[in-house]
Amino acid sequence: MSQILPIRYINPVFRPPSEAESLILPLTNGCSWNKCTYCEMYTAPQKKFALRDEDETLAALRGCGEQFADQVQRVFLGDGDALALSTRRLMTVLAAIKAHLPRVRRISSYCLPRNLRQKTVSELQELREAGLSLAYVGAESGDDEVLLRVNKGETFESTRDALDKLGAAGITRSVMLLNGLGGAVLSQQHAANSARLINQTQPEFLATLVVSFPQGEARFRQGFSQWEPLDQPALFAEMADFLRALELKRTVFRSDHASNWLVLKGTLGADKERLLAQVTTAMQHPESAKLRPSWQRGL
């Protein structure tokens, strides 16, 4: 795609690692909640939340169709929570994607649990049938105390409800959790209740990242003053607690984001014992665990 895209982007632009080959189509600017103290993605002044103009979005899709109709096979709906749009507007966009980009086989989006509070399973099924096939849900934790401390604006129940709705509608769910988010004081309950959330919802994909603050921790500590970061052994211990508590039938698991010291990949529960063995090795014999060097974790 050497030509200029007919899409107005407002930097910085974010997308999940697995959407590297996707056309990023912003339906919103920024994030409608944008109060999570661990998140630095949409804090820039130019990322103030707003819905994109519908006519602008449809014009962008027409332009993409004129240039790339035979090339685009995946579309990621941005920014932070495109599903904040009404079902009607989303259906209009999905129909336009089908009309102008006929080779698209996957449409995905970030999804805040709060986005689905007013959407029924029937509405989500309509969206699925129109092409929305994958939602990335940043659960971060299944522990209500951790969620409160980081101002997530969600609870165990609200996240479970959203994941259950998506599952019932046939939309694939990719859930993200933050290793170390509870710090030393809440590590055990963070691991236990995060596993409980995943066990009860059985998502198709699961990923863990290590909490980090490239721009500094001051904002985060305003609501969590006693938070202390976990060192490598403690991060691995929390991961081991989490994995032991999981009871999954078939969930693809990835812990390979740049923030992770230890790369883990497998299917749970088939690979549970192997993954636990890798974590145990990292705790007991870190020199032989093939840990990611610090310089590769530049975030």
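Is it fair to say VAL185 is within 20 Å of GLU40 (Cα to Cα), at pLDDT 95 or above, among the hydrophobic types (A, V, I, L, M, F, W, C) and more than 16 Å from the chain's Cα centre (by Cα)? No, not satisfied. For segment 12-35, a tally of residues being in a loop (DSSP other than H, G, I, E, B) and either among the β-branched types (Val, Ile, Thr) or in contact (Cβ under 8 Å) with a residue 12 or more places away in the chain (or both) returns 14. Note on segment 45-58: residues that are crowded, with 16+ Cβ neighbours inside 10 Å and assigned to a loop (DSSP other than H, G, I, E, B) total 2. Scanning segment 80-116 for residues that are modelled with pLDDT of 95 or more, of a type in the set (D, E, K, R) and within 30 Å of ASN151 (Cβ to Cβ) turns up ARG89, ARG114.
Checking each residue of segment 237-247 against the condition of being within 16 Å of ALA195 (Cβ to Cβ), in a loop (DSSP other than H, G, I, E, B) and modelled with pLDDT of 95 or more gives at least one match.
Considering segment 171-182 alone, what residues qualify as being surrounded by fewer than 21 Cβ atoms within 10 Å (Cβ to Cβ) and not aliphatic (A, V, I, L, M)? Across segment 171-182, the qualifying residue is only THR172. The number of residues in segment 99-121 that are farther than 23 Å from PHE156 by Cβ and surrounded by 14 or more Cβ atoms within 10 Å (Cβ to Cβ) comes to 6. In the set TYR38, TYR42, TYR9, only one residue is surrounded by 12 or more Cβ atoms within 10 Å (Cβ to Cβ) and without any contact (Cβ under 8 Å) to a residue 24 or more places away in the chain; that residue is TYR9. The set of residues from segment 257-280 being at pLDDT below 95 and either in contact with a strand residue (DSSP E or B) (Cβ under 6 Å, 6 or more places away or on another chain) or among the polar types (S, T, N, Q) (or both) comprises HIS257, SER259, ASN260. The lone criterion from (1) of a type in the set (Gly, Ala, Ser); (2) part of a loop (DSSP other than H, G, I, E, B); (3) crowded, with 18+ Cβ neighbours inside 10 Å left unmet by SER212 is number (3).
Within segment 215-231, the set of residues being surrounded by 15 or more Cβ atoms within 10 Å (Cβ to Cβ), in contact (Cβ under 8 Å) with a residue 40 or more places away in the chain and not basic (Lys, Arg) comprises PHE220, PHE224, TRP227, LEU230.
A count restricted to segment 208-257 and to residues that are in contact with a Pro (Cβ under 9 Å, 6 or more places away or on another chain), charged (D, E, K, R) and farther than 14 Å from LEU275 by Cβ stands at 1.
One residue stands out in segment 140-164 among those that are of a type outside the set (Asp, Glu) and in contact (Cβ under 8 Å) with a residue 60 or more places away in the chain: the one that is surrounded by the most Cβ atoms within 10 Å (Cβ to Cβ), namely LYS152.
Counting only residues that are of a type in the set (D, E, K, R) and part of a loop (DSSP other than H, G, I, E, B), which one in segment 266-299 is surrounded by the most Cβ atoms within 10 Å (Cβ to Cβ)? Ranking the qualifying residues of segment 266-299, first place goes to ASP271. Assess whether ARG114 counts as being touching a residue at least 12 places away in the same chain (Cβ under 8 Å), closer than 23 Å to ALA169 by Cβ and out of contact with any strand residue (DSSP E or B) (no Cβ under 9 Å at 6 or more places or on another chain). When the stated conditions are applied, ARG114 passes them.
The values are calculated or read from the model by the stated rules, or taken from the named source; none is laboratory data. Predicted model only: the values in this text are computed from it and were never measured. Backbone-built Cβ (ideal geometry, glycine too); neighbour counts: all protein chains shown.
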